Amino acid sequence: MSVIRRRKVVRLAFTGPHAPASGASWYVAHGALPKLLSRAANATVHAYLYAPSSNEEVIAYGNGHRVGGDRVVYDDVELPLPVEDMDDAAFAHMRSRWPLGHLAYVFGLKREELLGLPRVSASAVVALDAPDVEAQLEALLPSPQVTVLTSDAA
């Protein structure tokens, strides 16, 4: 779990021996957690996939249903100029319009901040079955109210 308190952004990602070998793409295809969270929190939940060598995708969930999303496959992107003729600023501007750039904008972040969430200081691996899980979550989350949701659904 990673948190940017000033923007009220919480990133959840699974890790450990039971995490699927296929990585984040598995979680994009199996949206039970974001569906449940969107219903329980009465908020939009965004699931994202960032595969730096191939694509990026953002899926939005609201009230327990998929309500939107966007995907870019890097090999399919039509560049306005050949890559060697683009400067860093032009390339950064183009990426800001892709799904992760737009999601970062929605949260008031830069694309690099969103992608850097796993490395921010307010990050921790939290075992959801740990006896002190509520205390661990309270230390990370901006709200004093913490509800722990678990589900067998996949």
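The values are calculated or read from the model by the stated rules, or taken from the named source; none is laboratory data. Predicted model only: the values in this text are computed from it and were never measured. Reconstructed Cβ throughout: ideal geometry from the backbone, glycine too, with neighbour counts over all protein chains shown. Side chains included, ligands, DNA and RNA excluded: accessible areas come from the protein's heavy atoms. Shrake-Rupley method; radii C 1.70, N 1.55, O 1.52, S 1.80 Å.
At-a-glance table
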{"read-out": "Pairwise FRET efficiency - residue 84 versus residue 54, Cβ, R0 = 25 Å, nearest 0.05", "value": "0.75"}
{"read-out": "Accessible heavy-atom area order of 57, 78, 113, highest first, probe of 1.4 Å", "value": "78, 113, 57"}
{"read-out": "Spin-label pair residue 122/residue 44, simplified geometry with 7 Å Cα→Cβ offset, distance in nm", "value": "2.1"}
{"read-out": "Net lengthening on full extension, residue 141/residue 113 (0.36 nm per residue, minus Cα-Cα)", "value": "8.3 nm"}
{"read-out": "Largest to smallest accessible area among 37, 79, 103 [probe 1.4 Å]", "value": "79, 37, 103"}
{"read-out": "Over the range 48-123 - Rg/Rh using Cα atoms and the Kirkwood inverse-distance radius", "value": "1.01"}
